[in-house]
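Asker: This is the structure I have questions about; it appears just below.
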């Protein structure tokens, strides 16, 4: 095994599914719980492959971890609101999958909550489209499902 | 649908794991989570694994819908696997019309939840009296308990309290038959850290046996409570928010020494500055004091700065703030008293009452800036 790198170049290399390599500080990498055990044994020559993460998602994750204010909760709220504001529904879902895989501190909650808000009070068809779900119920089966918890469908938009 | 598009769709479904879907659903009201059961066969069972149930009848406006809401609560609770834990359960059942059947069902719903290792239980109800679900009080897994809207809770309801894991207890709009009902309740919570009370009243006051069991308490907020021993029970807190009114006399004879208290917020009517100094004598380590003047009374006590200076004022106090400041004689005197005696004071913040005219503000500000400061580093801020 090669000599340990000097502290100044002590960065971790992460390789995304589309082949891009990102160098991040151990402080940032340590907030991705999934790769935490790999960091301990790695040196500057190690490259950790992330099969479920695309470069776009890793860029956003690093942006979040580096930019999140450490101080007052109100500052964190403002930063998080800004962070999700510019993401399309498609990007939100992709990012949720990436942070779910990497188990990124704080970001899993933020993404899941943001997705939840987008489907709140929406019609069944809207939510199907949102998640790309193909309805495999027969009309009779679907009607039966609705009957099981009828009150839940009060006030839900017609498709 | 083109082939490529179809594959994209299939890819997407397979990549969002059941675990992540359930996690998303846990942020929704249960009503919205249940709706996703008709999306597809894969989605059909998923909401049942969400460990959080959050139900509300807020939008119910008539009796028929109210009944259907009740059936929905049953269908939600009964369609879940018995082995599946319910970590959090929140029920808001506040329909003001005839809610008889849901009132009667409340105990059944609660007992279904208590069997599932519940850790966080929140009930906001509008019930007829005598319906307190007393089984809650012996749920050993409970960490957080928030109750609101129960009336005429009597000694029988709290005869057996055993909540060894409870850390957070919030009570709102609760009526007890006697003071000692609340005492009994607290006696069963030896590990309580956070206690909040809003509009909790007792119908009859009785003398209470000595009370010393809340040894782990860190935070307390007591807003509108007429139960006299309550302040005594809080002696261990580090943070205290107290709303006191004319009935302050009920607390006065029961003030303990708050030996860990570093931050206190007091909201009170104008004429209680004398009481405030008495209170400060009981807070030797206080560093941050915030006073909110509500100003209901229209007169001053003509309070005079006492010669005596409590230990916390002379040695500990770092930050002091007065909100709702109207520039009354007493409030000005108090600000002067603090600035003149607090050796460690760094900031004195005065927030003027919005009703105060701009001329009056200028005058008040002038008077304040003339006050002597015992601490050389003290900064005075005046907010319009």
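The values are calculated or read from the model by the stated rules, or taken from the named source; none is laboratory data. Everything numeric here is computed off the predicted structure, so don't read it as measured data. Quick reminder, even Gly has a Cβ in these numbers, built from the backbone with ideal geometry, and neighbours come from all protein chains shown.
Asker: Looking only at segment B:345-383, count every residue that is in contact (Cβ under 8 Å) with a residue 40 or more places away in the chain and in contact with a helix residue (DSSP H, G or I) (Cβ under 7 Å, 6 or more places away or on another chain) and tell me the total.
Answerer: Residues that pass the stated criteria total 2.
Asker: If we keep just the residues of segment B:43-56 that are closer than 16 Å to residue A:142 by Cα and part of a loop (DSSP other than H, G, I, E, B), which is farthest from the other protein chains (Cβ to nearest Cβ)?
Answerer: Step by step, filter segment B:43-56, then rank; the result is B:45.
Asker: If you don't mind, another one. If you scan segment A:146-159, which residues turn out to be touching a helix residue (DSSP H, G or I) at 6+ places or on another chain (Cβ under 6 Å) and more than 7 Å from every other protein chain (Cβ to nearest Cβ)?
Answerer: A:159, the sole residue that qualifies.
Asker: Looking at segment B:245-260 only, could you name the residues that are surrounded by 14 or more Cβ atoms within 10 Å (Cβ to Cβ) and modelled with pLDDT under 65?
Answerer: B:248, B:250
Asker: Shifting gears a bit: Return the residues of segment B:229-244 that are out of contact with any strand residue (DSSP E or B) (no Cβ under 6 Å at 6 or more places or on another chain), surrounded by 23 or more Cβ atoms within 10 Å (Cβ to Cβ) and at pLDDT 90 or above; say none if nothing qualifies.
Answerer: none
Asker: Can you tell me which of (1) more than 7 Å from chain A (Cβ to nearest Cβ); (2) modelled with pLDDT of 95 or more; (3) surrounded by fewer than 22 Cβ atoms within 10 Å (Cβ to Cβ) is the one residue B:27 doesn't meet?
Answerer: Unmet for residue B:27, out of (1) more than 7 Å from chain A (Cβ to nearest Cβ); (2) modelled with pLDDT of 95 or more; (3) surrounded by fewer than 22 Cβ atoms within 10 Å (Cβ to Cβ): (1).
Asker: Hey, another quick one. For segment A:33-47, which residues satisfy the criterion of being in a loop (DSSP other than H, G, I, E, B) and without any contact (Cβ under 8 Å) to a residue 24 or more places away in the chain?
Answerer: The answer is A:41, and nothing else.
Asker: Could I ask something else about it? When the residues of segment B:60-80 are filtered to those that are closer than 17 Å to residue A:150 by Cβ, in contact with a helix residue (DSSP H, G or I) (Cβ under 8 Å, 6 or more places away or on another chain) and assigned to a loop (DSSP other than H, G, I, E, B), which remaining residue is nearest to the other protein chains (Cβ to nearest Cβ)?
Answerer: Ranking the candidates gives B:79 first.
Asker: Which residue, of B:304, B:309, is surrounded by fewer than 17 Cβ atoms within 10 Å (Cβ to Cβ), within 23 Å of residue B:374 (Cα to Cα) and in contact with a helix residue (DSSP H, G or I) (Cβ under 9 Å, 6 or more places away or on another chain)?
Answerer: After applying the criteria, what remains is B:304.
Asker: Okay, moving on. Restricting to segment B:93-134, name every residue that is under 15 Å from residue B:158 (Cβ atoms) and touching a helix residue (DSSP H, G or I) at 6+ places or on another chain (Cβ under 6 Å).
Answerer: B:131, B:133
Asker: Just to verify a result, which residue in segment B:346-376, among those that are surrounded by fewer than 10 Cβ atoms within 10 Å (Cβ to Cβ) and within 35 Å of the chain's Cα centre (by Cα), is nearest to residue B:315 (Cα to Cα)?
Answerer: Within segment B:346-376, the match that is nearest to residue B:315 (Cα to Cα) is B:354.
Asker: Could you go through segment B:82-98 and let me know if any residue there is within 13 Å of chain A (Cβ to nearest Cβ), in contact (Cβ under 8 Å) with a residue 24 or more places away in the chain and surrounded by fewer than 16 Cβ atoms within 10 Å (Cβ to Cβ).
Answerer: no
Asker: Residue check, residue B:40 against (1) within 27 Å of residue A:95 (Cβ to Cβ); (2) facing another protein chain (nearest Cβ under 8 Å); (3) in contact with a helix residue (DSSP H, G or I) (Cβ under 7 Å, 6 or more places away or on another chain); (4) at pLDDT 90 or above, all met but one. Which one?
Answerer: Going through the list (1) within 27 Å of residue A:95 (Cβ to Cβ); (2) facing another protein chain (nearest Cβ under 8 Å); (3) in contact with a helix residue (DSSP H, G or I) (Cβ under 7 Å, 6 or more places away or on another chain); (4) at pLDDT 90 or above, residue B:40 breaks only (3).
Asker: Checking the structure you have, find out if any residue of segment B:324-345 is farther than 20 Å from residue B:275 by Cα and surrounded by fewer than 18 Cβ atoms within 10 Å (Cβ to Cβ). Break it down into steps so the answer makes sense when it comes.
Answerer: Taking segment B:324-345 as the starting set, the residues that turn out to be farther than 20 Å from residue B:275 by Cα are B:343-345.
Add one more test, that the residue is surrounded by fewer than 18 Cβ atoms within 10 Å (Cβ to Cβ), and what stays is B:343-344.
Yes, segment B:324-345 contains at least one residue that is farther than 20 Å from residue B:275 by Cα and surrounded by fewer than 18 Cβ atoms within 10 Å (Cβ to Cβ).
Asker: Then there is this: Among the residues of segment B:256-272, how many are part of a strand (DSSP E or B) and closer than 12 Å to residue B:287 by Cα?
Answerer: The qualifying residues number 3.
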